[in-house]
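For reference, the structure is listed below as structure tokens.
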Amino acid sequence: GETHCLHQFAITRHLVAKALINQRQAMPCQIDSIDQSARPPTSSDHTGEPSPALEESPSSSTSSQACRQPIFCHWPQYGSHLEARGWAYDAVGRSLSFIGNAAFVGTAVVQLARIDAGCEPEDVKCSGRTQYAGIRPSSLLALYNVIVGLASSALLPLLGAIVDHTSVRRLIGRISAIIYCATLFPMIFLSESTWLAVAILLIISAFVGWIHSGMSFAYLPEMSDDKEVLERLNTSFAVVQYGTDVVYIIVVVAIAAAMGWVDDSLATSRVAQSINFVATTTVWVYAWWGGLMGRRAAMSPFPEGDSLLTVGFKRLYKTCVRIYKNHRALASFYPAIAFSESAT
């Protein structure tokens with residue numbers, strides 16, 4: 001009768017949902033709805049009352065209908081998991097900014113520095129010094145990495161203290177997003193007379209970018225207590241980030257080729273940075289002001305006698321002592337990897 005039909009329908013739906021999960025390999029169109037409908041039938045499915053697996057909210061029904069189109073079925077929409085959706089949009093902005101600043105603007109800045117030093121733009125062995133700051137063009141990237149690396153390393157314990165002992169995580173994420181996007185806009189106007197100012201902005205944006213990334217990644221482990229759900233989320237986030245890189249590079253190269261700017265790194269960097277500024281600002285406004293990234297309370301109070309400026313560094317010191325005493329292999333590995341990465 002009706003009860004038997006409901007039971008058979010629940011079993012069929014359970015099997016179909018499991019098949020979809022296996023086929024998509026951790027890339028569901030809607031994580032929440034699949035997780036709910038993939039559960040085995042319970043005793044409530046044998047009664048005449050509708051089971052939770054058979055009920056759909058209007059929003060999930062709309063999302064399911066949208067996912068019937070093949071073009072959308074491999075894009076992670078995350079269902080009602082708002083912070084996962086916000087994190088994905090934030091990852092899009094971070095990916096765009098990394099490629100735009102490093103691959104396009106950074107390359108153009110180095111070439112303009114060579115011209116300022118009296119060398120050809122493609123002369124990688126230029127030994128001259130720039131007129132503005134007396135810097136060798138070949139030393140720009142090394143100087144950039146040293147400044148950003150030291151500043152970021154000194155800042156990380158403070159960021160950890162902010163995440164653990166304050167409730168301003170989202171506020172810092174918003175402020176850092178505003179400052180970061182504000183540094184992107186002037187880079188569009190890169191020229192022979194502004195290259196040094198843009199180089200300074202690159203350092204500032206990298207420093208602020210580390211702050212923003214720290215606030216973003218603090219949300220990641222708190223999105224679910226289920227290890228499998230976190231694995232699926234991490235997989236989809238990686239696809240979003242690398243997919244953004246590929247699409248961004250293809251679009252910029254295609255525009256440069258269409259306009260005849262393939263050999264003009266300055267014009268290409270302006271196009272790339274224009275796209276970077278507009279797209280990053282749009283997705284970050286939606287992620288941080290669109291109700292996706294939630295507010296967080298302090299995870300724990302400050303230890304007695306500690307403050308925001310000291311607790312992170314004290315904890316870092318204790319961790320280093322513990323690693324040196326109990327994990328000698330790690331104590332040798334970390335300095336080795338740090339020096340090797342700096343050298344390369």
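The values are calculated or read from the model by the stated rules, or taken from the named source; none is laboratory data. Remember, it's a predicted structure, so these values are computed and weren't measured experimentally. Note that we place each Cβ from the backbone using ideal geometry, even for glycine, and neighbour counts take in every protein chain shown. Surface areas here come from the heavy atoms of the whole protein model, side chains and all, with no ligands, DNA or RNA. Shrake-Rupley method; radii C 1.70, N 1.55, O 1.52, S 1.80 Å.
Check which residues have an amide H placed less than 5 Å from His81's amide H, if you skip close sequence neighbours.
Here the answer is Asp32, since their amide H atoms fall under 5 Å of that of His81.
Can you give the accessible area of Thr107 in Å² (nearest 10), computed on protein heavy atoms with a 1.4 Å probe?
The accessible area comes out at roughly 60 Å².
Stretch Ala336-Ser127 to full length: gain in nm at 0.36 nm per residue minus the Cα-Cα span?
Residue separation times 0.36 nm, minus the Cα-Cα distance, leaves 72.1 nm.
Let me check something: with ligands and nucleic acids excluded, how do Tyr132, Tyr144 order by accessible area (1.4 Å probe), largest to smallest?
Sorted descending by solvent-accessible area, the residues read Tyr132, Tyr144.
For segment 273-339, what does the accessible surface come to per residue with a 1.4 Å probe? Please give it in Å².
Dividing the accessible area of segment 273-339 by its residue count gives 69 Å².
Find the accessible area per residue for segment 181-248; the probe is 1.4 Å, ligands and nucleic acids are left out, and the unit is Å².
46 Å²
Quick one: what are the phi-derived ³J(HN,Hα) couplings along segment 161-172, Karplus 6.51/-1.76/1.60 with θ = phi - 60°, whole Hz, x for glycine and proline?
5, 5, 5, 7, 10, 10, 10, 10, 4, 5, 4, 5
Over its Cα atoms, what ratio of radius of gyration to 2.2 N^0.38 Å does segment 125-244 give?
Dividing the Cα radius of gyration by 2.2 N^0.38 Å gives 1.35.
Rounded to whole Hz and in sequence order, give me ³J(HN,Hα) for segment 291-303 from the Karplus expression 6.51 cos²θ - 1.76 cosθ + 1.60, θ = phi - 60°, writing x for Gly and Pro.
x, 9, 8, x, 7, 10, 7, 4, 6, 7, x, 5, x
Hey, got a sec? Which trypsin sites (Lys or Arg not before Pro) in segment 81-160 land in a DSSP loop and have at most 10 other Cβ atoms within 10 Å?
Lys125
Report, largest value first, the span of the C-alpha coordinates of segment 73-164 along each principal axis, in whole Å.
On the principal axes, segment 73-164 reaches 58, 38, 18 Å in Cα extent.
Accessible surface of Glu120 in the full protein assembly, 1.4 angstrom probe, to the nearest 10 Å²?
Its heavy atoms expose roughly 130 Å² to the probe.
Roughly how many percent of the accessible protein surface of segment 282-344 is carbon and sulfur, given a 1.4 Å probe and a whole-percent answer?
64 percent
Given Cβ point charges of +1 (Lys, Arg) and -1 (Asp, Glu) and nothing else, what value in debye, to the nearest 20, does the dipole of segment 112-244 about its Cα centre take?
The calculation lands at about 300 debye.
Of the accessible area of segment 143-207, with the probe set at 1.4 angstrom, what percent is carbon plus sulfur?
79 percent
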